[in-house]
Amino acid sequence: MQLTDALDSHVARFGAEFFESDEGTVLTLSGELDLAVAQPLEAIALRALEKSDHEMFYVDVSNLSFCGSQGLSLFVRIDRVARDLGHRFVLRGPRPMLTRLLVVTALDQQLTVEP
């Protein structure tokens, strides 16, 4: 399911796609995760979590070129809701820049992060 259309049309530098795999529900992000897309993306991600039958909820960030503070906050909120609903949230494939941000903010200790 393509989510880019659900986000504001002026946000052409961001993409998001959900799919179900044998591993779990996967949300793949690409481009720039900033203030303009974080709020609408959160609503969509939380709806997907509520509907998911899988234990695992992966967010693949390997194609993010930018992640601002709103993106980091979004990951924390998704993790919290996932736990409340009995899911496991995994942040997958952060690039070196995002990995540094996760370490500096100590979110690498709070969130499950896979290379």
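The values are calculated or read from the model by the stated rules, or taken from the named source; none is laboratory data. What you see is a predicted model, and the numbers here were worked out from it, not measured in a lab. No Cβ is skipped: glycine too gets one built from the backbone with ideal geometry, and neighbour counts run over all protein chains shown.
Please list, ordered by residue number, the helices (runs of 4 or more DSSP H) wholly in the stretch 61-115 having 1 or more residues that are within 12 Å of the chain's Cα centre (by Cα) and under 16 Å from E50 (Cα atoms).
Working: elements: 69-84, 96-104, 107-110.
In the stretch 61-115, the matching helices (runs of 4 or more DSSP H) lie at 69-84.
Take the residues in the stretch 19-70 that are of a type in the set (S, T, Y) and surrounded by 12 or more Cβ atoms within 10 Å (Cβ to Cβ); name whichever of them is farthest from T105 (Cα to Cα).
Of everything passing the filter in the stretch 19-70, S52 is farthest from T105 (Cα to Cα).
Please tell me if R88 is loosely packed, with under 14 Cβ neighbours inside 10 Å, at pLDDT 95 or above and charged (D, E, K, R).
Numbers: loosely packed, with under 14 Cβ neighbours inside 10 Å: no; at pLDDT 95 or above: yes; charged (D, E, K, R): yes.
Spelling it out, it is not the case that R88 is loosely packed, with under 14 Cβ neighbours inside 10 Å, at pLDDT 95 or above and charged (D, E, K, R).
Considering only the stretch 63-115, how many residues are closer than 20 Å to Q39 by Cβ, free of Cβ contacts under 8 Å to residues at least 12 places away in the same chain and small (G, A, S)?
1
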